[in-house]
Amino acid sequence: MEKSIDNATLSAVENAEISGIQTVWDRYAAQLPQCGFGETGLCCRHCMQGPCRISPFGDGPKAGVCGANADVMVSRGISRAVAAGTASHGGHAKHMAHTLLKSAMGEAPDYPIRDEAKLKAVANRIGVNTNKRDMKAIAMDVATKALEDFSEKDSPLVCAATTVTKGRVDTFLKFGVVPTGIDSAIAESMHRTTYGVDSDPVNILLGAIRCALADYAACHMATDIADILFGTPTPVATRANLGVLKKNAVNIALHGHNPLLSDIVAQVADEKGMNDKAKAAGASDGINVVGVCCTGNEIMMRHKIPMATSSVSQETVILTGALDAMVVDYQCIMPSLSGIGECYHTQLITTMPIAKIPKAVHIEFHEATAKESARKIIETAIEAFKKRDPNRVNIPDVSSTAFAGFSTEAIMGALSFVNKEDPLKPLIDNIVAGNIYGVCLFAGCNTVKVTQDANYSAMVKELAKNNVLILATGCASGAFARHGFMTPEATQKYAGPGLKALLNAVGQAAGLGGPLPLVLHMGSCVDNTRAADVAVAVANKLGVDLHMLPVVASAPEPVTEKAVAIGTWAVAAGLPTHLGVVPPVLGSKVVTEVLTSAARDFFGGYFIVEPDPMKAAEKLIAVISERRKGLGLSA
Ligand code: NFS
Ligand code: SF4
């Protein structure tokens, strides 16, 4: 199998091979064949009588020592993955909410309220009085309400209940999956999946859905507060891929997730004093900040910072020999980075107390002194730059233009150029007329198990040709950005006639002088809720619920437990959700059946597992067609 279809990735990996450096692909090869028990979800280590395993082929024992059968093992495993994903997004969101609170109390001077309109909108939505109150008072109440969403309450989470359709709330109530606390939902999932608690696979899966809805609340909160503190994204043009590194600059990559770190480093990197220091060290182009993974998406949208790469190819940024510091916060950061950094002059800098990596320099990041920490980080990068070996610099000359920053507000803003009074009308009219056949949200990671970007690239072309409007978040955004799919040229090249006409009309009306890009970059993984917001607005306007819309989701190359949590809430939200990698559930007929079929009777959404990208696109188009028929539209 080819490692990637991205020439920059391939060139960097070749550098690694020449230098005898192991990358993620070598370590994957060393793991093969991977364990069939684990791959099918049929191993359990939840107690010390284990490990227990059940053969997926039906030979050998049919249950673990305690009697847990295949269905119990698999459902518990997937439920714990959802809980871990929710804990990740929850941790991120809580960090944001604490910072908003500190900002309101005057304890985080580097985090002013940047978007007062968003603050007011969120406040009004969650029931905080905004009438004649000052911003800090409103922010204090918003942060407090957000933090209350973490522990158990006697009411549904405000961040979820106020952002979905009435129909969804009713469905969630009917099946008893309304979470009443983000942290308590995670705790409950851990409890019910531990030794000797829940042994009913369907009940366990309903628990997983409840937890996934807590994940949705956390994601929505993280996005809302990021916009309040750093500004709601608006479309910007920037570039993506390893070619954005500069030979004559101090190159700093910001990798991880939370804009609390990356946004401040991006701001400080613009300071004249910092750039003068870099120049004094011999970097004639000053400081060049680039992004990796989701925090890269955050600063791409808000600061036009170019995206170096994402996800599975994160090591390649170091392999260019031109990266002076890799600065990380948390999540999706391979521990291998420190070893690879050591093969070069690259300084790995950890910043969060919960995410240290041996041999990295740890510069702890505190909200109270954020810019001070950011300066220290940049100075450390400048020191590392002095040790760079110019002979080992090999930056692939590969990068693409990428338009980013299509927040819900930005999309509505663009549509309002077409119809000021009723911005959704042009979108809905075009869906009804069939010019827009449906909508697909691409999300999730790149995985070593699939040729990097191959699924994204094949699927987007097929869907766009069939007039499906494409939205993207997370490392899906990264993939599309690197391959030039986030450009007006891609619209001209790949969009079907109806889609092209709409993207053109909106782009022209918005004064872009051309069409909107083929793929609309909606942000990081927590920003999947931005896409959900658009779907909810359309559903409300049409007076239908989400499970009736011709809207689908796809994670063609998923990796993380966060992706499992997001996929699960997408299904609960009523979306047919494609996965391009088989999750560890095949060991249980019951779980496989519930996730791919029965879930539909409960929530309208379900998983479509299809590793072949062309077949996956066909299946999604068929689903869209079916839903159009359901709404009485041309199919
Ligand atoms: Ni989402 Fe984003 Fe990327 Fe996957 Fe990781 S960075 S939060 S989990 S790998 S898309
Ligand atoms: Fe084995 Fe049951 Fe313990 Fe799991 S919980 S390790 S199946 S005995």
**Message:** Could you tell me how many of the residues in region 265-285 are more than 16 Å from Glu383 (Cα to Cα) and not aliphatic (A, V, I, L, M)?
**Reply:** 4
**Message:** Take the residues in region 594-634 that are among the aliphatic types (A, V, I, L, M) and not in a helix (DSSP H, G or I); name whichever of them is nearest to Lys166 (Cα to Cα).
**Reply:** Leu631
**Prompt:** Can you tell me how many residues in region 446-471 are in a loop (DSSP other than H, G, I, E, B), in contact with an Asp or Glu (Cβ under 9 Å, 6 or more places away or on another chain) and farther than 27 Å from Ile305 by Cα?
**Reply:** 2
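Each row is one residue, and each column tells you yes or no for (1) more than 30 Å from Val292 (Cα to Cα); (2) touching a Pro at 6+ places or on another chain (Cβ under 7 Å); (3) among the aliphatic types (A, V, I, L, M).
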{"residue": "Glu188", "(1), (2), (3)": "yes, no, no"}
{"residue": "Gly196", "(1), (2), (3)": "yes, no, no"}
{"residue": "Ser199", "(1), (2), (3)": "yes, no, no"}
{"residue": "Leu205", "(1), (2), (3)": "yes, no, yes"}
{"residue": "Ala212", "(1), (2), (3)": "no, no, yes"}
{"residue": "Met221", "(1), (2), (3)": "no, no, yes"}
{"residue": "Ala226", "(1), (2), (3)": "no, yes, yes"}
{"residue": "Phe230", "(1), (2), (3)": "no, yes, no"}
{"residue": "Thr238", "(1), (2), (3)": "no, yes, no"}
**Prompt:** Pick from Asn241, Asn248, Asn288: which is of a type outside the set (Phe, Trp, Tyr) and surrounded by fewer than 21 Cβ atoms within 10 Å (Cβ to Cβ)?
**Reply:** Asn248
**Request:** Please go through region 472-514 and pick out each residue that is assigned to a loop (DSSP other than H, G, I, E, B) and open to solvent by less than 50 Å² (accessible area, probe 1.4 Å).
**Result:** Gly484, Phe485, Met486, Thr487, Ala495, Gly496, Ala510, Gly514
**Prompt:** Looking only at region 33-59, which residues are more than 28 Å from the chain's Cα centre (by Cα) and more than 16 Å from ligand 2 (Cβ to nearest atom)?
**Reply:** Pro33, Gly36, Phe57, Gly58, Asp59
**Asked** Is it true that some residue in region 575-584 is open to solvent by 50 Å² or more (accessible area, probe 1.4 Å) and assigned by TED's automatic domain parsing to the domain that holds Leu546?
**Response** yes
**Message:** Tell me the residue from Asn124, Asn131, Asn69 that is of a type outside the set (Lys, Arg) and within 16 Å of ligand 2 (Cβ to nearest atom), please.
**Reply:** Asn69
**Request:** Determine if region 257-267 includes at least one residue that is touching a helix residue (DSSP H, G or I) at 6+ places or on another chain (Cβ under 7 Å) and assigned to a loop (DSSP other than H, G, I, E, B).
**Result:** yes
**Item:** Considering residues of region 43-67 that are touching a strand residue (DSSP E or B) at 6+ places or on another chain (Cβ under 6 Å) and open to solvent by less than 60 Å² (accessible area, probe 1.4 Å) only, the residue farthest from ligand 1 (Cβ to nearest atom)
**Value:** Ala63
**Asked** Of all residues in region 354-375 being in contact with a strand residue (DSSP E or B) (Cβ under 9 Å, 6 or more places away or on another chain) and not small (Gly, Ala, Ser), which is farthest from Asp110 (Cα to Cα)?
**Response** Lys359
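Quick check: anything in region 100-107 among the polar types (S, T, N, Q), modelled with pLDDT of 95 or more and away from ligand 1 (no atom under 16 Å from the Cβ)?
Filtering region 100-107 down to residues among the polar types (S, T, N, Q) leaves 103.
Now narrow it down to the ones that are modelled with pLDDT of 95 or more: 103.
Narrowing further to those that are away from ligand 1 (no atom under 16 Å from the Cβ): 103.
Yes: one or more hits.
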**Message:** Show me the helices (runs of 4 or more DSSP H) found entirely inside region 87-184 where at least 2 residues are closer than 25 Å to Gln267 by Cα.
**Reply:** 116-126, 135-148
**Fill in**
Picked from region 97-146 (must be free of Cβ contacts under 8 Å to residues at least 60 places away in the same chain and hydroxyl-bearing (Ser, Thr, Tyr)), the residue surrounded by the fewest Cβ atoms within 10 Å (Cβ to Cβ) is Thr144
**Asked** Is it the case that some residue within region 202-214 is modelled with pLDDT of 95 or more, in the same structural domain as Ser88 (by TED's automatic domain parsing) and within 16 Å of ligand 1 (Cβ to nearest atom)?
**Response** yes
**Message:** Whether any residue in region 546-556 is at negative phi, near ligand 1 (Cβ under 10 Å from one of its atoms) and either open to solvent by 10 Å² or more (accessible area, probe 1.4 Å) or not in a helix (DSSP H, G or I) (or both) is what I want to check.
**Reply:** yes
**Request:** Filter region 318-353 down to residues that are open to solvent by 10 Å² or more (accessible area, probe 1.4 Å), outside any loop (DSSP other than H, G, I, E, B) and not hydrophobic (A, V, I, L, M, F, W, C), then give me how many there are.
**Result:** 5
**Message:** Criterion first (crowded, with 24+ Cβ neighbours inside 10 Å, away from ligand 1 (no atom under 16 Å from the Cβ) and not assigned by TED's automatic domain parsing to the domain that holds Ala555) does Asn297 satisfy it?
**Reply:** no
**Prompt:** Residue check: is Gly38 of a type in the set (Gly, Ala, Ser), assigned to a helix (DSSP H, G or I), under 30 Å from Gly207 (Cα atoms) and within 16 Å of ligand 1 (Cβ to nearest atom)?
**Reply:** no
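Taking region 384-405, which residues are among the basic types (Lys, Arg), open to solvent by 40 Å² or more (accessible area, probe 1.4 Å) and not in a helix (DSSP H, G or I)?
Once the filter is applied, which keeps residues that are among the basic types (Lys, Arg), open to solvent by 40 Å² or more (accessible area, probe 1.4 Å) and not in a helix (DSSP H, G or I), region 384-405 yields Lys386, Lys387.
The values are calculated or read from the model by the stated rules, or taken from the named source; none is laboratory data. Because the structure is predicted, anything quoted here is derived from the model rather than measured. Note that we place each Cβ from the backbone using ideal geometry, even for glycine, and neighbour counts take in every protein chain shown. Accessible surface is based on the protein model in full, side chains and every heavy atom, while ligands, DNA and RNA are left aside. Shrake-Rupley method; radii C 1.70, N 1.55, O 1.52, S 1.80 Å.
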